[in-house]
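Only one structure is covered here, and it is reproduced in the block below.
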Amino acid sequence: MARNSLLDRFRPVGAPGPAGPAGVPAADDQGIAAELIPVFEALDATINDTRERTEAAAAQAQHTVAAARRQAAALVEQARINSAAVRADAAARVSADAAQEDQQLLDEATEEAAALRSRGEVRVPELASAIVADLVQDLLGRGTGTG
């Protein structure tokens, strides 16, 4: 008897009429493996497609990782180049700030020295007069006491 499908192997169960044997698969001369061969053959195309897609995805992932590594290396190299320029700029700023501070201190010291000189020059006649008066007093005091 030729079978059209897997379901043809089952005997009808619960059909009207006298009770018959329970419905179980009929004996198959070719075995279960023969039944599964068409299923696996139908899956072969899907399996191959999946394998190809997996391999393509793995290759794309490797390409993406390699590109990311190259990009990261380029960024690190650019950062090294930029860091030298940033350091030079920072050193120039620090030097300029120090020079400005030095100039400010020099200007303040010059102003203070000028103010001291001015105050000193104003006091010179007064001090000279006091010194001369002291000398005259000393000379007159010695001259009167010894003569």
Surface accessible to a 1.4 Å probe, per residue, for the residues of the stretch 49-147, Å²: 86 Å²
Measuring from label point to label point, each 7 Å out along Cα→Cβ, what is the L139 to E41 span in nm? 14.5 nm
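The values are calculated or read from the model by the stated rules, or taken from the named source; none is laboratory data. Worth saying up front: this structure is predicted, and the values here are computed from it rather than measured. Because the Cβ atoms are built from the backbone with ideal geometry, glycine has one as well, and the counts that use them run over all protein chains shown. What goes into the accessible areas is simple: the full protein's heavy atoms, side chains included, and nothing from ligands, DNA or RNA. Shrake-Rupley method; radii C 1.70, N 1.55, O 1.52, S 1.80 Å.
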